[in-house]
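What follows is one structure encoded as structure tokens, with my remarks underneath.
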Amino acid sequence: MKTVSIIGMAICMAFLFTFSAGAEQSLVETVANGCKIEIETYCKAVTPGEGRVLACLYAHGDKLSGQCEFALYDAAAQLERAVAALSYVVNECTADLDQLCQGVRAGEGRLLECLEKNDPKVSGRCKQALKDVGLK
């Protein structure tokens, strides 16, 4: 199994935050819309954030409608696809990041920007991975 470097993990986190800007909203909307009745019925007193609403839904799992169960399943599947995309990018771009972006701090798209600035030197595998997941 391939060992992932610290910079590889950094790209993973940077990508997660880049990806999650729109994806997180989509996941929240999926659950909020699909579980609207359950949230209003069982979780209305719960302060949103830090997974508290999901914990509330979990606590009332035996009372969830099929629509809510599907929304939770769908959100989990979306998240699983995002994690698979992250793993793919990390595996394909770690060497490029180690070589080209060592001094670049992760976050706010800086690693992706570093790869773009060094585009002629970036491996074809990394370029393809970024294209495949929609970052290029």
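Tallying residues that are in contact (Cβ under 8 Å) with a residue 40 or more places away in the chain, part of a loop (DSSP other than H, G, I, E, B) and among the aliphatic types (A, V, I, L, M) within region 81-106 yields 1.
Mind listing just one residue for me: the one in region 40-71 that is of a type in the set (D, E, K, R), over 20 Å from the mean Cα position of the chain (by Cα) and assigned to a helix (DSSP H, G or I) and, of those, surrounded by the most Cβ atoms within 10 Å (Cβ to Cβ)? Steps first, please.
Here is the first cut: in region 40-71, the residues of a type in the set (D, E, K, R) are 40, 44, 50, 52, 62-63, 69.
With the extra rule that they be over 20 Å from the mean Cα position of the chain (by Cα), the set shrinks to 40, 44, 62-63, 69.
Next, only the ones that are assigned to a helix (DSSP H, G or I) stay: 40, 62-63, 69.
Working: Glu40: 9, Asp62: 5, Lys63: 11, Glu69: 15.
Here the residue is Glu69.
Within region 122-136, the only residue that satisfies the criterion of being more than 21 Å from the chain's Cα centre (by Cα) and free of Cβ contacts under 8 Å to residues at least 24 places away in the same chain is Gly124.
Restricted to region 24-38, and to residues there that are crowded, with 19+ Cβ neighbours inside 10 Å and in a helix (DSSP H, G or I), the residue that is farthest from the chain's Cα centre (by Cα) is Glu38. Annotation: Thr18 fulfils all but one of (1) over 20 Å from Lys136 (Cα atoms); (2) among the β-branched types (Val, Ile, Thr); (3) part of a helix (DSSP H, G or I); (4) at pLDDT below 90; the unmet one is (1). Residue pairs whose Cβ atoms lie under 9 Å apart, separated by 6 or more positions or on different chains, with the first residue in region 68-80 and under 18 Å from Cys43 (Cβ atoms) and free of Cβ contacts under 8 Å to residues at least 24 places away in the same chain and the second of a type outside the set (Gly, Ala, Ser) and not in a helix (DSSP H, G or I), are Glu69/Cys35.
The values are calculated or read from the model by the stated rules, or taken from the named source; none is laboratory data. Because the structure is predicted, anything quoted here is derived from the model rather than measured. Please note: Cβ atoms are built from the backbone with ideal geometry, for glycine as well, and neighbour counts cover all protein chains shown.
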